[in-house]
1. Give the range 195-212 a look and list any residue that's open to solvent by 20 Å² or more (accessible area, probe 1.4 Å) and at pLDDT below 90, or say none.
2. So which pairs qualify, if the first residue must be in the range 450-462 and outside any loop (DSSP other than H, G, I, E, B), the second must be among the aliphatic types (A, V, I, L, M), the Cβ gap must be under 6 Å, and the two must be at least 6 apart or on different chains?
3. Of the residues 559, 532, 548, which is over 24 Å from residue 99 (Cα atoms), crowded, with 18+ Cβ neighbours inside 10 Å and either modelled with pLDDT of 90 or more or more than 22 Å from the chain's Cα centre (by Cα) (or both)?
4. I want to confirm something. Restricting to the range 410-442 and keeping residues that are open to solvent by less than 50 Å² (accessible area, probe 1.4 Å) and more than 28 Å from the chain's Cα centre (by Cα), which single residue is nearest to residue 356 (Cα to Cα)?
5. List, please: which pairs have Cβ atoms under 7 Å, are six or more places apart or on different chains, and start with a residue in the range 544-564 that is in contact (Cβ under 8 Å) with a residue 40 or more places away in the chain and end with one that is among the charged types (D, E, K, R) and open to solvent by 20 Å² or more (accessible area, probe 1.4 Å)?
6. Taking the conditions exactly as written (farther than 20 Å from residue 449 by Cβ, in contact with an Asp or Glu (Cβ under 8 Å, 6 or more places away or on another chain) and either open to solvent by 10 Å² or more (accessible area, probe 1.4 Å) or at pLDDT 85 or above (or both)), does residue 95 satisfy them or not?
7. State yes or no: is residue 618 buried (at least 16 other Cβ atoms within 10 Å of the Cβ) and at pLDDT below 90?
Amino acid sequence: MLFGLFTFLTCPVSRGHNNFIFWNSNLGYGIPDEPPVWPDTIKLNPTTIHASRLVDNPMPGVYPFSPQFIKTMGEASLGRILSYSGLIHIKNYGPGNLMTATARGLPATHTGVEWNGIPIVSLSTGQVDFSMVPLSPNPDIVILTGTQAQRGGKFSPGGMITIQTNGLFARKENPEIALCNGSFGEYKVQASLPYQRKSFGARIGVNYARAENDFPYTDPFSGEKLNRIDAGYHSLSIMADGSLKSKNHLLGIHVWTQNHFRKIPRPIISVQLPGNEWMKQDALRFALSDHWLRGNLECETTAGYTYDFFFYRNLSGNIRSTMATHQPLFLQLTTLRLDKLTLQSNLKIIHQQAVSANYANNPQRTSLQAGVHANKGLSHWLEIGAHFDIEKNAKMPLQYHPLLKIEVFNRSQRNFRAHISAGKTSRIPSFNDLYWIPGGNPELKPEKIWTGELGLSLTPRLLPGWNSSFSLVLYNNWVENWILWLPDSVGTIWTASNLGKVDSKGIEVHSFFSTEKIQLNATANLNSVYESDKKNYQLPYSPQFQFSVLGIYHAGPISFHSLMAYTSKRYLDKDNLSSLPGYWVMDAGLSFEKRLKLHALEIRLDIKNVLNKKYEVVAWQPMPGRNYWFSVIYKFNRLSTDYEKAPFQ
């Protein structure tokens, strides 16, 4: 659901000036639904202050990325950006190939993705391939974990990644074009053309990338140096956004179309067959929204449609497969604020349909989701929230999603926040789980997930001139009817089935420090996930420990960043008999910007895997060694901007 609430920030909106002041979408997700103006509020006239922004008290479980951070890192896909967070493990099959996400040790099907409020998870697999999610111009990206990802009609027990591209009135944008060339025949072209006026904004962005990816690697058996072959790809994405605001409305339209072609390399343990296996995917996403605000009543309505076409070919197996999926949907979120009480209702109607010879019939289903939510400020320090959602699918039993949250925070200084929450959610099986031939199981039950967590965040003043924040979350998840694909006795046919219970527990720690020129960010995630009757066995491909440290330094026209990330070993089987070793990866980048009157020219050099580490994220799928990116970015009609340069705001 869209949570870009039109909420007052630090001063009330003047109803007669025909404008909106609303939560920056970086911070709008998961912020308590507190009334914008309290009885003891002192009303001030709007004032613009040009200074280093203080770090707002962070919400535990809410981790926003600023658009400037995304530009600083110079990445083209969402998967690479998420891999820097230290919160989500990206299961990466190599550059340009499949990327899926694991949050809090739960499988990729438990991590959701919303683009401008509409879900873009694959109807067939129930997952998202993050290598195919391009970064549109100036996106606002937020990682939600735990109970923060289970509010307002969101049912993602592991985590939720939200992507918003409606910030046309939140910041000044300028046209720009970027040309990038890298190792292994990789290059990309990105262009953005925004148009901004007082009540109307529009933007179109183009993203083209391709690579051969024939990089060298060392054979783990013979030690011989070989070249990875047939790992290339090319992708073209076009994204368009428009916004129109009036006294009480903000209308938005968003379109994203994509064409992606990928060669699929075989695991290096097997015989390489050049040109044997490849896939092509076309995608279309469309969202039309209306945000309406009058007094204490607010309503957000979104209509959306997603379409995916998939074609797969395997010459040696004489396999050709096509699949088309359609998903029209309707969403509505209504909010009423009464003194210290906030009431909210949400409604979501989704129709899903797939056309494929891989299913016995062309399945379709319609889901209805509805919920009510209430937040009550009991005192200056205490707030309680209760959420209750239901979900009904024609082919599944009625699902209930209750959530209770108690929060303690300093409402005046906003330098301390703590919460305890517990809830239940569920996941309906994907089309592949139910209908795939062979192996699909129409008798599967929905997964049921219970979640409990305790969170704490602080914004202490450690040193003069330094801003800082710290957050800690302890969590525990219990999953019943876990859906798992297992082979038959011969190992040729895999079948989906419901297993017993799975437990996932851990700790998330995030800290941030900044001055006018320096930003430091550190994140750690300690996790244990196991079947209830095998408590000493970590589930496959779920690292027990992740850690990342990011530093950014700005000195006039020069900017430097360096990232160091560690991922612990991952087991390859449920009995923990074999594993992949842990690995360190270090990236670094340097950029220089030269002003040319009203325009600007930026030149940057990025080095990936600086230490030239040899590692695999997925077994028998080697990752490239040290590689380089050289970029030239031309910014037209450059004007002063108020971009935040912190990776987490």
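1. Result: 195, 196, 197, 198, 199, 200, 212.
2. 452/422; 453/473; 454/420; 454/474; 455/473; 456/418; 456/472
3. 559
4. Looking at residues that are open to solvent by less than 50 Å² (accessible area, probe 1.4 Å) and more than 28 Å from the chain's Cα centre (by Cα), I get 440.
5. 552/645; 554/517; 554/645
6. So residue 95 passes the test.
7. yes
Residues checked against (1) out of contact with any strand residue (DSSP E or B) (no Cβ under 9 Å at 6 or more places or on another chain); (2) open to solvent by less than 30 Å² (accessible area, probe 1.4 Å); (3) assigned to a loop (DSSP other than H, G, I, E, B):
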| residue | (1), (2), (3) |
| --- | --- |
| 214 | no, no, yes |
| 242 | no, yes, no |
| 253 | no, no, no |
| 261 | no, no, no |
| 278 | no, no, no |
| 282 | no, no, no |
| 289 | no, yes, no |
| 293 | no, yes, no |
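The values are calculated or read from the model by the stated rules, or taken from the named source; none is laboratory data. Predicted model, so just to flag it, every value in this text is computed and none were measured. Glycine gets a Cβ as well: all are built from the backbone with ideal geometry, and neighbour counts include every protein chain shown. In case anyone asks, the SASA skips ligands and DNA or RNA and just uses the protein heavy atoms, side chains included. Shrake-Rupley method; radii C 1.70, N 1.55, O 1.52, S 1.80 Å.
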